[in-house]
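Asker: Here it is, the structure, as structure tokens.
The values are calculated or read from the model by the stated rules, or taken from the named source; none is laboratory data. Remember, predicted model here, so these are calculated numbers, not experimental data. Virtual Cβ from ideal backbone geometry, glycine too; neighbours counted across all protein chains shown. Surface areas here come from the heavy atoms of the whole protein model, side chains and all, with no ligands, DNA or RNA. Shrake-Rupley method; radii C 1.70, N 1.55, O 1.52, S 1.80 Å.
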Amino acid sequence: MTGRSGDDAPPPMPQPSTPPPTGAPQQLVVEGILDGRVADAAALRATVHLLSAAGAGRFRLEVTGGRFNVLPEDTQVPGAAFDEDAQATFLQTLQKVVDAAAPGSVETTLRCKMVYADQVAETLFVLQAGQLEPLTRRRPRSVGDAPPLPHDEPAAEMQVRRRELMWVAPVLLLLGAFIAWQTGWIDRVLAARADAIACETGPFGDMLAVAASREWGNYVVTLQRGPGYPETPEALARRRDASQDLTSRAATELVGDGGELFVQLLDAQGEVLAERRTDLRALLAAADGKREVTLPGRIAAHTLRLGLASGKAPK
């Protein structure tokens, strides 16, 4: 992807590691998700609306409690409207989505594939100090990248000779496997099944109930009221006063305030593989209220745990 230049243009976006081909691609594939904490809800809604008009297909905004998700509605769209100017607009608008979130709260797995006549540009969007940086690699187009469009060249001219294919295919397979491993895609594709992961509520005990499902290589963790959830101020006070230690007391007060906790994904040795911070305000509003948190899939995933504090070592 490329940025726009000119005196009246916004500040330039970080440049990709390899520039894509010029012009619009034949087809465009956009996948992944961007999520974070809401800082300016109105700006966020307006910016996602502009993002849907940038030529990369429509995007959906989901807001739950104080957090949001932005994801594509259609993962594969025609690329005719996604020329270099549209690519620059898309990057600038995507940066505005990040700017509308609480600083330091955004995480993203967004990626796109631009399919040209004879090559493919694959871009992974990463965050560096609050700025989105598109990292792009180019490779030859293969028969599995996208169905041919009506104006494509005749199939006979596009086919690679059998002898060349026998030599190129293993190389492309190894290269693709290496890139997938480097970017964590293999970890997500081969992630442990959600029903095989133990769910632990930690110091929150039976006040909270935890369930998990796997969607597109991620775990969607749902928090709801448990059988011991204190539904009245009197019940909250009794449970708090009956606490046997400071940790249990703090967990009870957090539930009563709808405060923030950590949802953590652990391996079999108890090491934190990934974690997300979320709040419980949605549970205060209604008995059937729920809070959903998305964690990246991991091959070594063993346990989901709720905690009062981060399980990652400070950097």
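Asker: Report yes if residue 23 is touching an Asp or Glu at 6+ places or on another chain (Cβ under 8 Å), at pLDDT below 90 and closer than 20 Å to residue 76 by Cα, otherwise no.
Answerer: Considered against the rule, which asks whether it is touching an Asp or Glu at 6+ places or on another chain (Cβ under 8 Å), at pLDDT below 90 and closer than 20 Å to residue 76 by Cα, residue 23 comes out as yes.
Asker: Same structure again: Give me the residue from the range 113-139 that is within 18 Å of residue 32 (Cα to Cα) and among the hydroxyl-bearing types (Ser, Thr, Tyr) and, out of that set, surrounded by the fewest Cβ atoms within 10 Å (Cβ to Cβ).
Answerer: By that ranking, first place goes to 136.
Asker: Hey, can you tell me all the residues within the range 39-60 that are crowded, with 19+ Cβ neighbours inside 10 Å and not small (Gly, Ala, Ser)?
Answerer: Across the range 39-60, the qualifying residues are 44, 47, 48, 51, 59.
Asker: I've got another one for you. Out of 287, 268, which single residue is in contact (Cβ under 8 Å) with a residue 40 or more places away in the chain and part of a loop (DSSP other than H, G, I, E, B)? Let's see the steps before the verdict.
Answerer: Numbers: 268 fails: in contact (Cβ under 8 Å) with a residue 40 or more places away in the chain.
None of the other options fit; the residue is 287.
Asker: Read through the list (1) surrounded by 15 or more Cβ atoms within 10 Å (Cβ to Cβ); (2) of a type in the set (Gly, Ala, Ser); (3) closer than 23 Å to residue 256 by Cα, then give the number of the only condition that residue 287 fails.
Answerer: Condition not satisfied by residue 287: (1).
Asker: Looking only at the range 261-304, which residues are charged (D, E, K, R), within 20 Å of the chain's Cα centre (by Cα) and more than 17 Å from residue 64 (Cβ to Cβ)?
Answerer: 275, 298
Asker: Considering 165, 175, which residue is under 24 Å from residue 32 (Cβ atoms), open to solvent by 70 Å² or more (accessible area, probe 1.4 Å), modelled with pLDDT under 60 and not small (Gly, Ala, Ser)?
Answerer: 175 is the lone residue from the list that is under 24 Å from residue 32 (Cβ atoms), open to solvent by 70 Å² or more (accessible area, probe 1.4 Å), modelled with pLDDT under 60 and not small (Gly, Ala, Ser).
Asker: Can you tell me which condition residue 46 does not meet? The list is (1) modelled with pLDDT of 90 or more; (2) closer than 22 Å to residue 126 by Cβ, and all the others hold.
Answerer: (2)
Asker: Also, quick follow-up: With the requirement that a residue be farther than 23 Å from residue 277 by Cα, surrounded by fewer than 21 Cβ atoms within 10 Å (Cβ to Cβ) and within 17 Å of the chain's Cα centre (by Cα), what does the range 19-38 give you?
Answerer: If the condition is that a residue be farther than 23 Å from residue 277 by Cα, surrounded by fewer than 21 Cβ atoms within 10 Å (Cβ to Cβ) and within 17 Å of the chain's Cα centre (by Cα), then 31 is the only one that fits.
Asker: Just wondering, is there one or more residues in the range 80-89 that are open to solvent by 10 Å² or more (accessible area, probe 1.4 Å), touching a Pro at 6+ places or on another chain (Cβ under 6 Å) and either assigned to a helix (DSSP H, G or I) or not β-branched (Val, Ile, Thr) (or both)?
Answerer: Checking the range 80-89: not a single residue is open to solvent by 10 Å² or more (accessible area, probe 1.4 Å), touching a Pro at 6+ places or on another chain (Cβ under 6 Å) and either assigned to a helix (DSSP H, G or I) or not β-branched (Val, Ile, Thr) (or both).
Asker: Here's a follow-up. For the range 68-79, give me the residue count where each residue is of a type outside the set (S, T, N, Q) and open to solvent by 30 Å² or more (accessible area, probe 1.4 Å). Show your work before the answer.
Answerer: So the first thing to find is which residues in the range 68-79 are of a type outside the set (S, T, N, Q), and the list is 68, 70-74, 77-79.
Narrowing further to those that are open to solvent by 30 Å² or more (accessible area, probe 1.4 Å): 71, 73-74, 78.
So the answer is 4.
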